[in-house]
1. Give me the Kirkwood hydrodynamic radius of the range 14-205 in Å, from all C-alpha pairs, to one decimal place?
2. Round to the nearest 0.05 the FRET efficiency obtained for V42 and D131 when R0 = 22 Å and r is the Cβ-Cβ distance.
3. Output the peptides 43-52, 184-193, 146-155, 100-109 sorted from most to least packed, where packing is the average of other Cβ atoms within 10 Å over each peptide's residues.
4. Can you list the HN-Hα couplings for the range 45-59, worked out from phi with the Karplus curve (6.51, -1.76, 1.60; θ = phi - 60°), rounded to whole Hz and with x for Gly and Pro?
5. Counting pairs of Cα atoms in the range 39-92, how many percent are more than 19 Å apart?
6. Given Cα pairs under 8 Å that are at least 6 residues apart, what percent is the relative contact order of the chain?
7. Could you check the simple spin-label distance between E205 and V22, using points 7 Å along Cα→Cβ, in nm with one decimal?
8. Seen from all sides and averaged, what is the projected area of the convex hull of the Cα atoms in the range 101-177, in nm²?
Amino acid sequence: MPPVEGSDPTAFGLREAFARFVGHPGPRVLLPLSSAAVLGRVALGGWKRRDLGIAAGILAAEPFNEWIIHVFVLHFRPRTVAGRVIDPLVARKHRAHHLDPRDEDLVFVPMRVLKVALPAAVAGWGLGERDLRRALTGVATSYAMLTTYEWTHFLIHSAYRPRHALYRRIWRAHRLHHFRNERYWFGVTMHLGDRVLRTYPERDEVPRSATARTLGIAV
């Protein structure tokens, strides 16, 4: 595998990576909540095809959700509307993350966002699915997917180095987004969205961007 921009010469194993991961506020909330949701759903039983459909739908939508959120929310450019500057917290945090991709605190979804998103998922599935079991399937899968996203994103930006082909591809693509060109490779856990929407070029097909760190916005 060719060298990837932004590589860190230090490295550690998964055990240390996980210890650092759970040291942050977001994972300390997500891990017990997602575990409780999954265990609660298993305990309820009564599985139906609808459960499989819900879980499969969430997984199928994930690469496109990541792409859309990354492009239109995280890379949102500040604008003035009626004399008021619109610059959401998540966009500001993401710009800071691009400026310093190795800062662990900037890797995670902000706690202020989690405090809204996690209850919103419960409310949304509760309203959308009248059956408690199916609603909990939706909550459990959503929480598990978000936890997987946070863990993958953290691991990519940590000093852990990929040892398996699948993770190596994911690791390489996201680091190219940060250190090669911010206009490509928007996926984090999967890159189907990038491939379908044509933002997954070969490394040397696109030039090195001068704005990969700043996203073209003066700080």
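A short reminder: the numbers here are calculations on the coordinates, not readings from a lab. The structure presented is a predicted model; accordingly, all values stated were derived computationally and were not measured. When we count neighbours, we look across all protein chains shown, and the Cβ atoms used for this are built from the backbone with ideal geometry, even at glycine.
1. Answer for the range 14-205: a Kirkwood hydrodynamic radius of 18.0 Å.
2. Step by step, r from the Cβ atoms, then E = 0.85.
3. 184-193, 146-155, 100-109, 43-52
4. Coupling constants for the range 45-59: x, x, 6, 9, 4, 4, 4, 4, x, 5, 4, 5, x, 5, 5 Hz.
5. For the range 39-92, the share of Cα pairs beyond 19 Å comes to 56 percent.
6. That works out to 30 percent.
7. Result for the modelled spin labels: 4.1 nm.
8. Over all viewing directions, the range 101-177 projects a mean Cα-hull area of 6.3 nm².
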